[in-house]
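This report concerns only the one structure given below.
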Amino acid sequence: LNGASLHFFDVQQLGLNHLAAWLKEAEITVFFAVATMFRHFAMTLRGDEQFPNLRLILLGSETVYARDVQLYQKYFSGDCQLIVNLGGTEVSPIRQFKVDRHTQITTSNVPAGYAVEDHEILLLDEQGREVGVGEVGEIVVRSRYLAVGYWQQPELTAAVFSIDSQNSQKRLYKTGDLGRLLPDGCLLHLGRKDFQVKIRGYRVELSEIEMALCRLPGIKEAVVTTQVDALGEPILVAYIVPSESNLTLD
């Protein structure tokens, strides 16, 4: 027989400064967190902490950035692996990307990764046609194992769930996320369809700009959004959290 106990850490009550001690005291072996929580937790570490029982960190529910991998590689031992999951309430994890101390991330976002059993990914354009390798399309999941639908919301259910025309035993789920496949089958997650913006006719990836800002000295966090200027044209606006109290903007 195999088994494990499930432990919850109350961030609001205990604070991230106590998480490292709790991981050791509770002898946690698998740690799951959203990327934002992991990022801020890692920033509380000094570098001399030891987590002898921790063998796996699972990140999901939101975009994982290259800098999150760097934090993992800086503060956690080679005996601990990082896995990035892409999934949702409607589906179990549909892609996984495994990271160790030697993994190099060449994109601003960590790839969503490679296929998992019983879940197939389709990338479709606005006309519902499959796009080619390297092209951007909506991520659609084909599987037997999907949510039945949304409770008492038949219109929303019909909008995103459907029977697979090629196999009636499988169903399709439109995630509303955009992705691009690399030649080796790795999926890049490009964010929500409704978060895509165009500036002067060019599609802009807000997360790419946020990552570029965070690479600048003195910037700890950044969020980029759009506003409309006096002429009615969309413009990009960035909000930042400085890492230095004396940071000035020119």
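The values are calculated or read from the model by the stated rules, or taken from the named source; none is laboratory data. Only a predicted model underlies this, so the values are computations on that prediction, with no experimental measurement involved. Cβ sites come from the backbone with ideal geometry, for glycine too, and all protein chains shown count toward neighbours.
Run down Phe41, Phe8 and say which single residue is surrounded by 14 or more Cβ atoms within 10 Å (Cβ to Cβ), out of contact with any Ser or Thr (no Cβ under 8 Å at 6 or more places or on another chain), over 30 Å from Leu123 (Cα atoms) and not aliphatic (A, V, I, L, M). Explain how you work it out, then say what you get.
On the way: Phe8 fails: surrounded by 14 or more Cβ atoms within 10 Å (Cβ to Cβ).
Of Phe41, Phe8, the one residue that is surrounded by 14 or more Cβ atoms within 10 Å (Cβ to Cβ), out of contact with any Ser or Thr (no Cβ under 8 Å at 6 or more places or on another chain), over 30 Å from Leu123 (Cα atoms) and not aliphatic (A, V, I, L, M) is Phe41.
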Discussion item. Under 9 Å between Cβ atoms, which residue pairs at least 6 apart in sequence (or on different chains) link something in the stretch 217-245 that is assigned to a loop (DSSP other than H, G, I, E, B) with a partner that is among the acidic types (Asp, Glu)?
Written reply: Pro217/Glu244; Gly218/Glu244; Ser243/Glu221
Item to complete: Mind counting the residues in the stretch 90-104 that are assigned to a loop (DSSP other than H, G, I, E, B) and closer than 21 Å to Ile121 by Cα?
Response: 1
Worksheet, complete the sentence: Only one of (1) β-branched (Val, Ile, Thr); (2) more than 23 Å from Leu181 (Cα to Cα); (3) outside any strand (DSSP E or B) does not apply to Ile57, and that is (3)
Worksheet item: Any chance the stretch 210-228 includes a residue that's modelled with pLDDT of 85 or more, of a type in the set (S, T, N, Q) and either out of contact with any strand residue (DSSP E or B) (no Cβ under 8 Å at 6 or more places or on another chain) or surrounded by fewer than 11 Cβ atoms within 10 Å (Cβ to Cβ) (or both)?
Response: yes
Discussion item. Going residue by residue through the stretch 28-38, is there one that turns out to be within 12 Å of the chain's Cα centre (by Cα) and in contact (Cβ under 8 Å) with a residue 60 or more places away in the chain?
Written reply: no
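Answer yes if at least one residue in the stretch 174-182 is within 20 Å of the chain's Cα centre (by Cα), farther than 27 Å from Phe38 by Cβ, surrounded by 11 or more Cβ atoms within 10 Å (Cβ to Cβ) and not hydrophobic (A, V, I, L, M, F, W, C), and no otherwise. Full working, then the answer.
Quick first cut of the stretch 174-182, residues within 20 Å of the chain's Cα centre (by Cα) only: 174-182.
Next cut, farther than 27 Å from Phe38 by Cβ only: 174.
Imposing the further condition that a residue be surrounded by 11 or more Cβ atoms within 10 Å (Cβ to Cβ) reduces the set to 174.
Of the ones still in play, those that are also not hydrophobic (A, V, I, L, M, F, W, C) are 174.
Scanning the stretch 174-182, I find at least one residue that is within 20 Å of the chain's Cα centre (by Cα), farther than 27 Å from Phe38 by Cβ, surrounded by 11 or more Cβ atoms within 10 Å (Cβ to Cβ) and not hydrophobic (A, V, I, L, M, F, W, C), so the answer is yes.
Matching residues to (1) among the polar types (S, T, N, Q); (2) modelled with pLDDT of 90 or more; (3) touching a strand residue (DSSP E or B) at 6+ places or on another chain (Cβ under 7 Å):
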{"position": "Val69", "(1), (2), (3)": "no, yes, yes"}
{"position": "Lys74", "(1), (2), (3)": "no, yes, no"}
{"position": "Asn85", "(1), (2), (3)": "yes, yes, yes"}
{"position": "Ser92", "(1), (2), (3)": "yes, no, no"}
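How many of the residues in the stretch 11-30 are assigned to a loop (DSSP other than H, G, I, E, B) and either exposed (fewer than 12 other Cβ atoms within 10 Å of the Cβ) or outside the structural domain of Tyr75 (by TED's automatic domain parsing) (or both)?
Start the filter on the stretch 11-30 by keeping residues that are assigned to a loop (DSSP other than H, G, I, E, B), which leaves 15, 26-29.
Those still in the list that are either exposed (fewer than 12 other Cβ atoms within 10 Å of the Cβ) or outside the structural domain of Tyr75 (by TED's automatic domain parsing) (or both) too: 15.
Residues meeting the conditions: 1.
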Item to complete: Kindly indicate whether any position in the stretch 91-106 is touching a Pro at 6+ places or on another chain (Cβ under 6 Å) and either without any contact (Cβ under 8 Å) to a residue 40 or more places away in the chain or within 15 Å of Ile139 (Cα to Cα) (or both).
Response: no
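Filter the stretch 156-191 down to residues that are in contact with a Pro (Cβ under 7 Å, 6 or more places away or on another chain) and among the aliphatic types (A, V, I, L, M), then give me how many there are. Break it down stepwise before answering.
Looking only at the stretch 156-191, we keep the residues that are in contact with a Pro (Cβ under 7 Å, 6 or more places away or on another chain), and these are 186-188.
With the extra rule that they be among the aliphatic types (A, V, I, L, M), the set shrinks to 187-188.
Number satisfying all stated conditions: 2.
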Item to complete: Quick one: Val140 ticks every box in (1) crowded, with 16+ Cβ neighbours inside 10 Å; (2) in a loop (DSSP other than H, G, I, E, B) except a single one, so which number is it?
Response: (2)
Worksheet item: Mind checking which residues of the stretch 180-216 are of a type in the set (S, T, N, Q) and assigned to a helix (DSSP H, G or I)?
Response: Ser207
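Please pick out the residue among Lys174, Lys170, Lys198 that is farther than 22 Å from Val116 by Cβ, touching a residue at least 12 places away in the same chain (Cβ under 8 Å) and not acidic (Asp, Glu). Quick ask: steps written out before the conclusion?
On the way: Lys174 fails: farther than 22 Å from Val116 by Cβ; Lys170 fails: farther than 22 Å from Val116 by Cβ.
Being farther than 22 Å from Val116 by Cβ, touching a residue at least 12 places away in the same chain (Cβ under 8 Å) and not acidic (Asp, Glu) holds for just one of Lys174, Lys170, Lys198, which is Lys198.
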Worksheet entry | Complete set of residues in the stretch 118-143 that are under 24 Å from the mean Cα position of the chain (by Cα) and farther than 17 Å from Leu181 by Cβ | Asp118, Glu126, Ser143
